[in-house]
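The values are calculated or read from the model by the stated rules, or taken from the named source; none is laboratory data. Treat the numbers as computed from the prediction; the structure is a model and nothing was measured. So basically every Cβ, Gly included, is an ideal-geometry build from the backbone, and we count neighbours across all protein chains shown.
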């Protein structure tokens, strides 16, 4: 969120937001529409956008992701991350939600709602394994969550993604279905490609954000850095988000618009997943007494998914025209508007259950 207002005032939330923040849901819908339209009406645009890659992700999308993450990570007070690493309830809850509950829930929903569509089912299971390390920082910031906690949890997810993704893919696509008497799917994931994706899309903006804050505070002081510099770069995150959405949907616009009924089938388990993960995680944080900011961070880091990694893995493993790839593409189509809506739900819960909390 752009830091242009005093979030501790008594004004209604919508009055405290900047014009860009206040109508973010509208801008996102417009960006999705523009992307879909461009992908539909410009022949060969998807091939052109996908021609140059960073790791296994299209360069335009990579640029958008880096622009989106850098300002948010520049806001993090890295000297305060120690208080997060010492919060065992938060860390253990996040690990359980992200690496046990999340994948298991997506597996169950995929099999329950797509029993007759194995390619889409496999694609959704892959989405469930790719825990969020990018866009969640935007949702967390918009909901006034704990920035330092988000940075730590995202870093933990990144490490687990490199170490555990391939093993969990084998478990949920082959071992567990075999135990349950269900059809199995053979798939090999490149640990190297996953590591490169994490290093590029988290490592670069994290290093840039850390150096910016460290150098900025040493040369100009914290007051200048947080009250003069950050408000100037804050909007870049949302511009990067909108640019990423346009590029993503332009890249896959034809696939989405040419199979509308399939998109609806894929959307149902995704919608259930995001709502259940967010609601359950928020309730858990509230019951554990984590406070609003950490509870919001816990909920969004558990509910979000690393769609760029899921799409790259699906395309690299099964092909760009596969049903698995389409399922990955539909992920952000549903995730973006749903999690924007959950930002408003989170802010409502803040006013309802944490009236004394100020950001």
Filtering the stretch 168-184 down to residues that are surrounded by fewer than 19 Cβ atoms within 10 Å (Cβ to Cβ) and touching a helix residue (DSSP H, G or I) at 6+ places or on another chain (Cβ under 9 Å) yields 171, 176, 177, 180, 182, 183, 184
For residue 226, state whether it is free of Cβ contacts under 8 Å to residues at least 24 places away in the same chain and either buried (at least 16 other Cβ atoms within 10 Å of the Cβ) or assigned to a helix (DSSP H, G or I) (or both). no
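What are the residues in the stretch 91-105 that are under 17 Å from residue 133 (Cβ atoms) and buried (at least 22 other Cβ atoms within 10 Å of the Cβ), if any?
Going through the stretch 91-105, the residues under 17 Å from residue 133 (Cβ atoms) turn out to be 91, 94-95, 97-99, 102-103.
Within the stretch 91-105, 94, 97, 98, 102, 103 qualify.
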Got a sec? Which of 191, 215 is under 28 Å from residue 65 (Cβ atoms), surrounded by fewer than 16 Cβ atoms within 10 Å (Cβ to Cβ) and over 24 Å from the mean Cα position of the chain (by Cα)? 215
Looking only at the stretch 332-359, which residues are closer than 18 Å to residue 135 by Cβ and modelled with pLDDT under 85? 332, 333, 336
Please pick out the residue among 203, 240, 253 that is in contact with a helix residue (DSSP H, G or I) (Cβ under 9 Å, 6 or more places away or on another chain), under 23 Å from residue 304 (Cβ atoms) and modelled with pLDDT of 85 or more. 240
When the stretch 1-38 is checked residue by residue, the ones that are modelled with pLDDT under 80 and not in a loop (DSSP other than H, G, I, E, B) are 13, 14, 15, 16, 19, 20, 21, 22, 24, 25
Only one residue in 331, 291, 280 is surrounded by fewer than 20 Cβ atoms within 10 Å (Cβ to Cβ) and closer than 23 Å to residue 111 by Cα. Which one? 280
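Given the condition surrounded by fewer than 17 Cβ atoms within 10 Å (Cβ to Cβ) and either over 23 Å from residue 161 (Cα atoms) or touching a strand residue (DSSP E or B) at 6+ places or on another chain (Cβ under 9 Å) (or both), answer yes or no: does some residue in the stretch 242-258 qualify?
Taking every residue of the stretch 242-258 in turn, at least one turns out to be surrounded by fewer than 17 Cβ atoms within 10 Å (Cβ to Cβ) and either over 23 Å from residue 161 (Cα atoms) or touching a strand residue (DSSP E or B) at 6+ places or on another chain (Cβ under 9 Å) (or both).
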Which of the residues belonging to the stretch 39-50 are within 19 Å of residue 330 (Cα to Cα) and either modelled with pLDDT of 75 or more or surrounded by fewer than 16 Cβ atoms within 10 Å (Cβ to Cβ) (or both)? 39, 40, 45, 47
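Okay, residues lined up against (1) touching a helix residue (DSSP H, G or I) at 6+ places or on another chain (Cβ under 7 Å); (2) surrounded by fewer than 22 Cβ atoms within 10 Å (Cβ to Cβ); (3) in contact (Cβ under 8 Å) with a residue 24 or more places away in the chain:
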site	(1), (2), (3)
28	yes, yes, yes
35	yes, no, yes
52	yes, yes, no
88	no, yes, no
117	yes, yes, yes
For residue 183, state whether it is modelled with pLDDT of 85 or more and part of a helix (DSSP H, G or I). no
